1. For SER193, what is the net charge nearby, where nearby means another residue's Cβ is under 12 Å from its Cβ and Lys, Arg count +1, Asp, Glu -1?
2. Dividing the convex hull volume of the alpha carbon atoms of the stretch 366-419 by its residue count, what do you get in Å³ per residue?
3. When the convex hull of the C-alpha atoms of the stretch 220-291 is computed, what volume per residue in Å³ does it have?
4. For the stretch 47-93, what is the convex hull volume of its Cα atoms per residue in Å³?
5. If you take the C-alpha gyration tensor of the stretch 68-120, multiply each eigenvalue by 5 and take the square root, what semi-axes do you get, largest first, in whole Å?
6. For the pairs LYS350/LYS433; LYS102/LYS311; LYS101/LYS311; LYS352/LYS458; LYS284/LYS352; LYS357/LYS433, note any where the Cα-Cα span goes beyond 24 Å.
7. Please give the helix 324-348 orientation as an angle from the longest Cα principal axis of the chain, in degrees from 0 to 90, rounded to the nearest 10.
8. How compact and how long is the stretch 118-215, expressed as Rg and Dmax of its alpha-carbon atoms in Å?
Amino acid sequence: MAKMWAGRTAGAVDPVADDFNSSIRFDCRMYQQDITGSMAHAAMLGAQGILTAREAEQLIDGLQGILEDLNSGSLAFDMGCEDIHMFIEQVLTQRLGDLGKKLHTARSRNDQVALDLRLYLREQIDQIRDLVCQVIRALADQTEGAGDAIMPGYTHLQRAQPVLLGHHLMAYAMMLLRDLERLSDCRRRMNRSPIGACALAGTTYNTDRRYEAQRLGFDGICRNSMDAVSDRDFCLELMSGLSILMMHLSRFSEELILWSSWEFQFVELSDAYTTGSSIMPQKKNPDMAELVRGKTGRVYGDLMALLTTLKGLPLAYNKDMQEDKEAVFDAVDTVKMCLQVFAPMVATMKVKPENMKKAAQGGFINATDLADYLVKKGLPFRSAYKISGQIVAHCIAQGQVLETLPLEVYRSYSDLFDEALYQDIDLTACVRKRVSEGGTSPASVEAQLAWVRQRLEKEENP
Ligand code: ARG
């Protein structure tokens, strides 16, 4: 079929080039947004007297019919079309005759595609936000369930100081709450209407861009028509936010993988989110967590791909920009898939507090508290630190632990030690004493949990 834009040329493109040029394979997913946008456009043309009220009404009815037929599956996409915009216009013209050809008055595919993409991604952000909320909810529930369960807190992946498991989980909840904020910020800036910018310079018709913007639920319009059709920073912002979100998920995934290993056994993931090995009968592999970790690279790649595509592009629209969609769609699809398994995986994970406690006991994790004990008795911290280090070295050499080292040995290092030291280095006491705001004491973790729940409530019912 001759191209809709045939005129200046015959519109007879080499079939391979035609296929190369076409985007309908991936932009057909925006058909609802394309039709919604066209309905608003037809209504505006009617309201402004650019088309008659009757014509506008017929166009809207025609578009509604196409929407219903695509939804029901009775109308199939024509993959021979260049893109979704051309396809909808072609069907409309088949159905309404010459009237269908009037829809594209005072519009260009350049502002149309920018509009569709903003409408589509706006919805995707809402869906992703809901899924992130589900992960935060699972973290909050696990924190509540964990109570005062103690685990080793690590730095350099070496046992550092005892912490509550809930404290560790709340750290991720805080990160994810910031991810939600980033998504909301991005949505707010994205929610400006580009439609009416036309090809790049605006139009000679007496259009009303604000009418269209309002009808489509935008907070306002893009104020410069060249900016409106040229930039894809809203895609980049979204992909940056998604990359950071995935980075957080990948760190938690890595910990779940470690924690569910035979060496740690801090948690057991539900059978529903693990797999077996085809040859080793003993295996229970944390595939889902590994995939989330792995797919993080893919989302970073999508961001880098579009950043690179846009680099150095002159204004305004260039066909290079058609490459935006596969990248941003892949990022959105990937993140949604990851979150859909992540939330229930966290919710169903079984914690093994005895194993965590055992790990916390073996590693001189209370050595800081031993030093603090001496400080309390009047020794400067640096001196206390040195003595505690010597005692740890002694224990390691003798195969002993701080909890059971006899008092006379302690006293051979400093006569400030007395019986009370054993209470101070008890793990429960170590945790309970860390009362600074944001610290690991049960009261502090409870306060963090209450705050997270409150924020979550607000995020879920904005
Ligand atoms: N399929 C195109 C894209 O995705 C739509 C815009 C085409 N505009 C143009 N002037 N060729 O970017």
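The values are calculated or read from the model by the stated rules, or taken from the named source; none is laboratory data. Predicted, not measured: the structure shown is a model, and the values here were computed from it. Quick reminder, even Gly has a Cβ in these numbers, built from the backbone with ideal geometry, and neighbours come from all protein chains shown. SASA here: full protein model, heavy atoms, side chains in, ligands and nucleic acids out. Shrake-Rupley method; radii C 1.70, N 1.55, O 1.52, S 1.80 Å.
1. My count for the surroundings of SER193 gives +2.
2. 69
3. 138
4. 81
5. 18, 16, 10
6. LYS350/LYS433; LYS102/LYS311; LYS101/LYS311; LYS352/LYS458
7. It works out to around 40 degrees.
8. Calculated on Cα positions, Rg and Dmax stand at 22.4, 70 Å.
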